[in-house]
Amino acid sequence: MADVPASPPPADDSDGQLLARFAAGDRSALDELFVRYRQPAFRVAYRLLGQEADALDAVQEGYVKALVNLDSFQGRSSFKTWLMRVVSNAAFDLGRKRGRRTGISLDAGDPDADVDPGLTTWDDPARGLGNADLRRALDAALATLPDAQRETFVLHADGELSYKEIADVLGISIGTVMSRLFYARQRLKLSLTEQATP
């Protein structure tokens with residue numbers, strides 16, 4: 001008897017399918033959506049606030065606001081884009097409530113710890129330390145950016161949003177996104193160069 005090829009595993013539901021399932025009464029569908037985007041949401045909140053505990057609070061607050069206002073999601077952007085906007089707004093609100101930070105804490109938890117194991121190299125401790133130093137330097141450089149540039153950069157780099165998605169999130173033109181990213185990269189490059197120069 002010939003081997004029957006195994007059927008491929010079912011593809012993950014799209015965001016739209018999960019939202020439709022939720023609308024039909026399947027509460028677990030919304031949980032799947034939130035789990036799908038928890039890492040980028042945490043990275044965005046962390047980079048905007050600089051403290052792990054604050055980032056976790058902002059993500060939780062953002063998720064609560066998203067749940068309460070889910071009916072306001074009209075599908076003009078992707079669910080991920082909308083959720084990143086809600087989370088970044090929650091992060092800025094929390095930052096204002098707790099007082100604007102002058103810099104990102106270098107002692108804070110690593111937002112990439114569970115995200116990219118390639119950044120921590122267990123078989124080469126020196127390389128792992130170099131990556132940790134680089135992350136600390138980048139965090140310090142990010143803290144020097146104006147809020148608009150930092151938010152735009154963080155949504156692109158950590159939130160993994162396209163230029164168009166960032167424009168939708170922030171309600172600005174793609175040209176403004178490109179300009180903010182250009183100036184953010186220039187300032188980051190200058191700041192990192194200054195930190196590397198003895």
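The values are calculated or read from the model by the stated rules, or taken from the named source; none is laboratory data. Being a predicted model, the structure only gives us computed values, none of them experimental. FYI the Cβ positions are ideal-geometry reconstructions off the backbone, even for glycines, and counts take in every protein chain you see.
In region 154-167, the qualifying residues are those that are among the charged types (D, E, K, R) and surrounded by fewer than 20 Cβ atoms within 10 Å (Cβ to Cβ), and the one that is modelled with the lowest pLDDT is 160. Scanning region 50-104 for residues that are crowded, with 19+ Cβ neighbours inside 10 Å, in a loop (DSSP other than H, G, I, E, B) and of a type in the set (Lys, Arg) turns up nothing.
Restricting to region 168-198, name every residue that is buried (at least 21 other Cβ atoms within 10 Å of the Cβ) and either of a type in the set (Gly, Ala, Ser) or under 15 Å from the mean Cα position of the chain (by Cα) (or both).
Keep residues of region 168-198 that are buried (at least 21 other Cβ atoms within 10 Å of the Cβ), which gives 169, 177, 180, 184.
Scanning region 168-198 gives 169, 184.
Close contacts from region 141-160, counting a first residue that is under 15 Å from residue 92 (Cβ atoms) and assigned to a helix (DSSP H, G or I) and a second that is at pLDDT below 90 and of a type in the set (Phe, Trp, Tyr), with Cβ to Cβ under 8 Å and a gap of 6+ residues or different chains, come to 147/92; 151/92.
When region 138-153 is limited to residues that are crowded, with 17+ Cβ neighbours inside 10 Å and among the hydrophobic types (A, V, I, L, M, F, W, C), the one that is nearest to the chain's Cα centre (by Cα) turns out to be 153.
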